[in-house]
Amino acid sequence: MTKPSSRVYSFEFKLNAVQRYIAGETRAALAKELELSSPHLIAVWAGQYRAQGEEGLRPKPKGRPRKNPDTPTQPEPELQRLRRENERLRAEVAFQGKVNALRDEERH
């Protein structure tokens, strides 16, 4: 059994469906005529149209927006950098102490 794939609807298709729905056609009749999987799609599109206008029906890029490489990153405050370095050095000393303790156990 194959999984049904998600259809992608064009801006014009959505706009036409929403305009016909707002003009008075029923969601169920429109969904059947346009071969939509659910009449709920028209309600969702109509909500987006009412909230954002035509722009709400336009396709949007997927995923997280790209970070602008031109914006300089702020340097880390010196206190925070020193605290992080101090923590790293403590971890190194603790690790070295454990290594030395294991070597001492092997000798005895």
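Every number here is computed from the coordinates shown, using simple stated rules; none is lab data. These numbers were taken from a predicted model, which means no experiment stands behind them. Quick reminder, even Gly has a Cβ in these numbers, built from the backbone with ideal geometry, and neighbours come from all protein chains shown.
Run the numbers on the chain and let me know its relative contact order in percent, using alpha-carbon pairs under 8 Å that are six or more apart. List each step's numbers first, then the result.
Details: 38 pairs, mean separation 21.7, N = 108.
Across the chain, relative contact order equals 20 percent.
What's the angle, to the nearest 10 degrees (0 to 90), between helix 78-107's Cα axis and the longest principal axis of the chain?
Helix 78-107 sits at roughly 60 degrees to that axis.
Once a ≥ b ≥ c are taken as the square roots of the eigenvalues of the Cα gyration tensor of the range 11-57, is the result rounded (a/c under 1.5), prolate (a/b larger than b/c) or oblate (a/b not larger than b/c)?
Prolate is the answer for the range 11-57, as a/c is 1.5 or above and a/b outweighs b/c.
Placing +1 on the Cβ of each Lys and Arg and -1 on the Cβ of each Asp and Glu in the chain, which of Ala43, Thr73, Ala28 has its Cα farthest towards the positive end of the resulting dipole?
Ranked along the dipole, the leading option is Ala28.
Would you count, across the chain, every pair of lysines whose alpha carbons are under 30 angstrom apart, provided the pair is eight or more residues apart or spans two chains?
Lysine pair count for the chain: 9.
In whole angstrom, how far apart do the alpha carbon centroids of the range 7-29 and the range 72-108 sit?
One Cα centre to the other: 62 Å.
Fully extended, how many nm does the chain gain between His40 and Glu85 (0.36 nm per residue separation, minus their Cα-Cα distance)? Please report the intermediate quantities before stating the final value.
Details: separation 45, 0.36 × 45 = 16.20 nm, distance 5.54 nm.
Computed gain between His40 and Glu85 is 10.7 nm.
Using only the alpha-carbon atoms, how far is helix 40-52 inclined from the longest principal axis of the chain? Give it as 0 to 90 degrees, nearest 10.
The angle comes out near 80 degrees.
Of the peptides 99-107, 36-44, 48-56, 83-91, how do they stack up when ordered by the mean number of other Cβ atoms within 10 Å, highest first? Please list the in-between numbers first.
Values: 99-107: 8.3, 36-44: 14.8, 48-56: 13.0, 83-91: 10.2.
Packing proxy ranking, top to bottom: 36-44, 48-56, 83-91, 99-107.
Quote to one decimal, in nm, the extra length available between Lys67 and Glu55 on full extension: 0.36 nm per residue of separation minus the C-alpha distance between them.
Details: separation 12, 0.36 × 12 = 4.32 nm, distance 2.31 nm.
Gain on extension, Lys67 to Glu55, equals 2.0 nm.
I'm spelling it out carefully: the read-out is Kirkwood radius over Cα pairs in Å, the candidates are (1) 20.2; (2) 14.7; (3) 13.2, and one was derived from this structure. Which label?
Computed from these coordinates, Kirkwood radius over Cα pairs in Å corresponds to label (1).
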